[in-house]
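The numbers here are math on the coordinates, done by the rules we state, and not lab data. On a predicted model such as this, the values are computed, not experimentally measured, just so you know. Every residue, glycine among them, receives a Cβ derived from its backbone with ideal geometry; neighbour counts consider all protein chains shown.
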């Protein structure tokens, strides 16, 4: 699976912004078939950042969300700015 197929879009709701500021985390909606290591590799390739940890959650609506914690030398705010969401 290609990186562009795994990552669908970033979330910028209130909770995602709070995680971004407080814990250096980004929230993405990803392909349901993708596993954590594929998500990590995709985020690192696309945004040129270091990922520390990936947690996933499947919503009641059936979409899969990835909570991606970035390494301290990779500010999450920079990625959101790059995406044009901040």
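Here is how the numbers come out for the structure above:
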item	result
Single condition residue 56 does not satisfy, out of (1) exposed (fewer than 14 other Cβ atoms within 10 Å of the Cβ); (2) free of Cβ contacts under 8 Å to residues at least 40 places away in the same chain	(1)
Matching entry among 44, 38 (being free of Cβ contacts under 8 Å to residues at least 12 places away in the same chain and surrounded by 15 or more Cβ atoms within 10 Å (Cβ to Cβ))	44
Leading residue by the ranking (nearest to residue 77 (Cα to Cα)) among those in the range 16-30 that are without any contact (Cβ under 8 Å) to a residue 40 or more places away in the chain and surrounded by 11 or more Cβ atoms within 10 Å (Cβ to Cβ)	17
Complete set of residues in the range 19-38 that are over 13 Å from residue 58 (Cα atoms) and assigned to a strand (DSSP E or B)	25, 26
